[in-house]
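Peer 1: Before anything else, here's the structure in question.
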Amino acid sequence: MSDNAPETLPDRLSVDPRSPHHNEALLARGVGIRFNGQEKTNVEEYCVSEGWVRVSVGKAVDRRGQPLTLKLKGTVEPYLRDPAPEA
């Protein structure tokens, strides 16, 4: 990858390790989400092509101990917080 080329993020990404859309290496670098122009820090999963994010609702959990989430529709803009490590 060249020095000035932007890295592309996947269309869909989840922080849940049980999800097929989970990518530990990418999440370790720090993925930020702008949703409808506002920075969101409580995003559990996003999908750019379908235009939605799942955000955690406070500290509430379901009966299996997973965070309760709310699906919001709008413009999703993911970006990397940390630059790529030097090879």
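The values are calculated or read from the model by the stated rules, or taken from the named source; none is laboratory data. In this text, all values refer to a predicted model and were calculated from it rather than measured experimentally. Don't worry about glycine lacking a Cβ; one is built from the backbone with ideal geometry, like all the others, and counts go over all protein chains shown.
Peer 1: Being surrounded by fewer than 12 Cβ atoms within 10 Å (Cβ to Cβ), within 16 Å of Asp11 (Cα to Cα) and in contact with a Pro (Cβ under 8 Å, 6 or more places away or on another chain) is the filter here, so list the residues in segment 45-87 that pass it.
Peer 2: Within segment 45-87, no residue meets the criteria.
Peer 1: Having 1 or more residues that are of a type in the set (Gly, Ala, Ser) and either under 15 Å from the mean Cα position of the chain (by Cα) or at pLDDT 95 or above (or both) is the bar; report the strands (runs of 3 or more DSSP E) wholly within the chain that clear it.
Peer 2: Where strands (runs of 3 or more DSSP E) fall fully within the chain and carry at least 1 residues being of a type in the set (Gly, Ala, Ser) and either under 15 Å from the mean Cα position of the chain (by Cα) or at pLDDT 95 or above (or both), they are 12-14, 31-35, 52-61.
Peer 1: Additional query: Under the condition of being among the β-branched types (Val, Ile, Thr) and under 19 Å from Ser56 (Cβ atoms), which residue from segment 3-44 is surrounded by the most Cβ atoms within 10 Å (Cβ to Cβ)? Working first, answer last.
Peer 2: Here is the first cut: in segment 3-44, the residues among the β-branched types (Val, Ile, Thr) are 8, 15, 31, 33, 41, 43.
In the following step, the residues that additionally are under 19 Å from Ser56 (Cβ atoms) were identified as 15, 31, 33, 41, 43.
Numbers: Val15: 18, Val31: 19, Ile33: 20, Thr41: 8, Val43: 22.
Result: Val43.
Peer 1: Give me the residue from segment 19-38 that is in contact with a strand residue (DSSP E or B) (Cβ under 8 Å, 6 or more places away or on another chain) and charged (D, E, K, R) and, out of that set, nearest to Gly51 (Cα to Cα).
Peer 2: Filtering segment 19-38 for residues that are in contact with a strand residue (DSSP E or B) (Cβ under 8 Å, 6 or more places away or on another chain) and charged (D, E, K, R), the one nearest to Gly51 (Cα to Cα) comes out as Arg34.
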